[in-house]
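Encoded as structure tokens, the structure appears first; notes follow it.
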């Protein structure tokens, strides 16, 4: 099959392409703008594979998208192109509106035009998969979980922009018949994540003996999913999912931010003996900072639908996954400047 992947040099996109290339049977066209968080070094490795093609570009460029769709003739379009850092969306929301809303609309329009000209089996099997987030639901209370029918209640400009794009994708299906799929995932962790997100930030700050900032009291709860489990779920959805459906992806790993950070510190303490003399434990680097505006209290994903309908379930144990991730950043810390 032929995959057009937007945002393929981001954290999830990098791991998705790595997974697809490992199957040695799919052609991939990766369209990426190459922003500050792109994994450019991995792109050089991907280019060694004859099944991979890269184009630097923006999903807001209608002419480019039209050309790529008509030239590459994909069977699947997977939209991972997005601005995704909540803090940046609070200080500067315009880029999030541009990419996540206007860019998605532009991609939907050009894909609709491409799909409408297809015929036969090619048209029947085509899918547009929009990859979204659990943050569109806001905060869950009383130990509840987000399910596919949960009400949207976004708190940040980032979450609002992703909620908007979800609604647009559904509208293009209902209005124009575009065969779409949507997935909403819980917080991802694993290799190649840019260190503005919690887990790589804490790991790399600790390795550099910098402070480990915790918002508010640190009791905010997040539900963690290893990125390698996530990309397998995405592949399952795009190849087996029912057109028009939404699937939640999660691994039922809810933990407070402060407990997670202390777990990371404990593991680093056991792995690295050569700490600076002024600290006995990496936990000594923890500081509490003013909470983020509109900070959601708790996230939790109900992933029973994808398990029941598509026979997907997570495979990576959370504790082992965190340890594996820490070891990866220790080995690859040279890739990131913090």
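When only residues in the range 248-294 that are touching a helix residue (DSSP H, G or I) at 6+ places or on another chain (Cβ under 7 Å) and within 30 Å of residue 79 (Cβ to Cβ) count, which is surrounded by the most Cβ atoms within 10 Å (Cβ to Cβ)? Result: 249. Quick check on residue 68: is it part of a strand (DSSP E or B), buried (at least 16 other Cβ atoms within 10 Å of the Cβ) and modelled with pLDDT of 95 or more? Judged against the criteria, residue 68 is not a match.
Residue 150 fulfils the conditions (1) loosely packed, with under 15 Cβ neighbours inside 10 Å; (2) in contact with a helix residue (DSSP H, G or I) (Cβ under 7 Å, 6 or more places away or on another chain); (3) without any contact (Cβ under 8 Å) to a residue 40 or more places away in the chain except for a single criterion, (1).
Considering only residues of the range 1-24 that are in a loop (DSSP other than H, G, I, E, B) and in contact (Cβ under 8 Å) with a residue 24 or more places away in the chain, which is nearest to residue 115 (Cα to Cα)?
The qualifying residue nearest to residue 115 (Cα to Cα) is 1.
Looking across the range 234-262, the residues that are part of a helix (DSSP H, G or I) and touching a strand residue (DSSP E or B) at 6+ places or on another chain (Cβ under 8 Å) come down to 234, 237, 238, 257, 258, 260, 261, 262. All conditions but one from (1) in contact with a helix residue (DSSP H, G or I) (Cβ under 7 Å, 6 or more places away or on another chain); (2) crowded, with 17+ Cβ neighbours inside 10 Å; (3) closer than 26 Å to residue 39 by Cα apply to residue 211; the one that does not is (2).
If the condition is being out of contact with any helix residue (DSSP H, G or I) (no Cβ under 8 Å at 6 or more places or on another chain) and surrounded by fewer than 19 Cβ atoms within 10 Å (Cβ to Cβ), then the range 38-52 contributes 40, 44, 45, 47, 48, 50.
Total residues in the range 282-337 satisfying the condition of being modelled with pLDDT of 95 or more, farther than 23 Å from residue 151 by Cβ and not in a helix (DSSP H, G or I): the figure is 13. Scanning the range 54-63 for residues that are outside any loop (DSSP other than H, G, I, E, B) and in contact (Cβ under 8 Å) with a residue 24 or more places away in the chain, we see that the one that is nearest to residue 111 (Cα to Cα) is 62. For residue 105, the conditions (1) touching a residue at least 12 places away in the same chain (Cβ under 8 Å); (2) part of a helix (DSSP H, G or I); (3) surrounded by fewer than 16 Cβ atoms within 10 Å (Cβ to Cβ) all hold with the exception of (3).
Can you report the number of residues in the range 295-330 which are more than 22 Å from residue 185 (Cα to Cα) and surrounded by fewer than 17 Cβ atoms within 10 Å (Cβ to Cβ)? Summing the residues that are more than 22 Å from residue 185 (Cα to Cα) and surrounded by fewer than 17 Cβ atoms within 10 Å (Cβ to Cβ) in the range 295-330 gives 3.
Could you check, for the range 230-247, whether at least one of its residues is under 25 Å from residue 333 (Cα atoms) and surrounded by 14 or more Cβ atoms within 10 Å (Cβ to Cβ)? Yes: one or more hits. Per the conditions (1) touching a helix residue (DSSP H, G or I) at 6+ places or on another chain (Cβ under 7 Å); (2) farther than 19 Å from residue 336 by Cβ, the sole criterion not satisfied by residue 34 is (2).
The values are calculated or read from the model by the stated rules, or taken from the named source; none is laboratory data. This structure is a prediction, so every number in the text was calculated from the model and none was measured. For neighbour counting, all protein chains shown are included, and Cβ atoms are generated from backbone atoms with ideal geometry for every residue, glycine included.
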